[in-house]
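Asker: The structure is given below, and queries will be raised subsequently.
The values are calculated or read from the model by the stated rules, or taken from the named source; none is laboratory data. All values reported here derive from a predicted model rather than from experimental measurement. We place every Cβ from the backbone using ideal geometry, glycine too, and count neighbours over all the protein chains shown. Note: accessible area is taken over every heavy atom of the protein model, side chains too, but ligands, DNA and RNA are not part of it. Shrake-Rupley method; radii C 1.70, N 1.55, O 1.52, S 1.80 Å.
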Amino acid sequence: MKWYTVLFLIVLVVLSSLSVYKALTPQTYSDNGVSFNYPGTWNQLSAKDWNINSTSSSPTIAVVGDSNNAQNSSYVTMVTVQKTNQSGTLDEIVAASKADLQKDKKAVMISDKNITVNGVKAHDVLYNVTMGGVKKEVRLVVLAKNNTVYSLTLSAPDSEFANQKENFDMVVKSFNITGKQENNSLNDLFNNLI
């Protein structure tokens with residue numbers, strides 16, 4: 001075997017190993033007062049990468065998504081994190097959110113259970129909705145801390161949702177409110193779009 005063939009095979013093996021390592025190693029989002037882990041193959045998204053027609057008054061502070069599961073250049077498997085000032089109890093906020101989803105987006109509620117996220121009481125709501133012509137299953141995790149409400153929306157096409165369970169669980173289980181405001185430019189960008 002010639003030396004350049006051996007060198008090529010070594011480079012190929014190294015690149016393949018790096019690709020597998022990235023797929024198995026989670027990334028960490030840490031900005032805008034929150035942190036969480038997400039799959040190594042996913043991307044942190046900017047406003048141009050995602051297509052959400054939101055009329056929400058809650059600023060979006062983080063968005064990550066699976067570039068391998070995009071349709072028409074739009075991410076369909078993704079996680080968004082929003083925060084707003086708390087007005088009411090957590091149960092009242094979740095009830096109002098569910099009512100709005102049913103009324104405005106014709107969402108069909110599947111379940112609502114109480115969980116704990118990093119020591120904080122939360123609601124874990126599952127529902128079905130059609131967004132942009134895509135039938136999706138959505139997991140909405142809502143928690144409140146220090147008079148601020150945090151909403152994690154984890155969504156995927158309904159045919160893919162079960163396959164994303166492990167990824168979505170990783171995000172929820174690792175979600176932490178840090179209070180650190182490292183970079184407000186993402187928040188400002190999203191607020192200007194809405």
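Asker: Largest first, how would Glu166, Glu160 line up by accessible area (1.4 Å probe)?
Answerer: Most to least solvent-accessible, the answer reads Glu166, Glu160.
Asker: Could you pull the accessible area for Asp158 with a 1.4 Å probe, rounded to 10 Å²?
Answerer: Accessible area, nearest 10 Å²: 80 Å².
Asker: Here is a follow-up. Please sort 90-102, 106-118 by packing, taking for each peptide the average over its residues of neighbouring beta carbons within 10 angstrom, highest first.
Answerer: Taking the mean over residues of other Cβ atoms within 10 Å, the ranking is 90-102, 106-118.
Asker: Using the Karplus curve 6.51 cos²θ - 1.76 cosθ + 1.60 with θ = phi - 60°, work out ³J(HN,Hα) for each residue of segment 146-154 in order, rounded to whole Hz, and write x for Gly and Pro.
Answerer: Values per residue, Gly and Pro as x: 6, 6, 10, 9, 10, 10, 9, 10, 10 Hz.
Asker: Tabulate in residue order the Karplus-calculated ³J(HN,Hα) for segment 126-133, using 6.51 cos²θ - 1.76 cosθ + 1.60 with θ = phi - 60°, rounded to whole Hz; enter x for Gly and Pro.
Answerer: Working through the residues one at a time gives 10, 8, 10, 7, 9, 10, x, x Hz.
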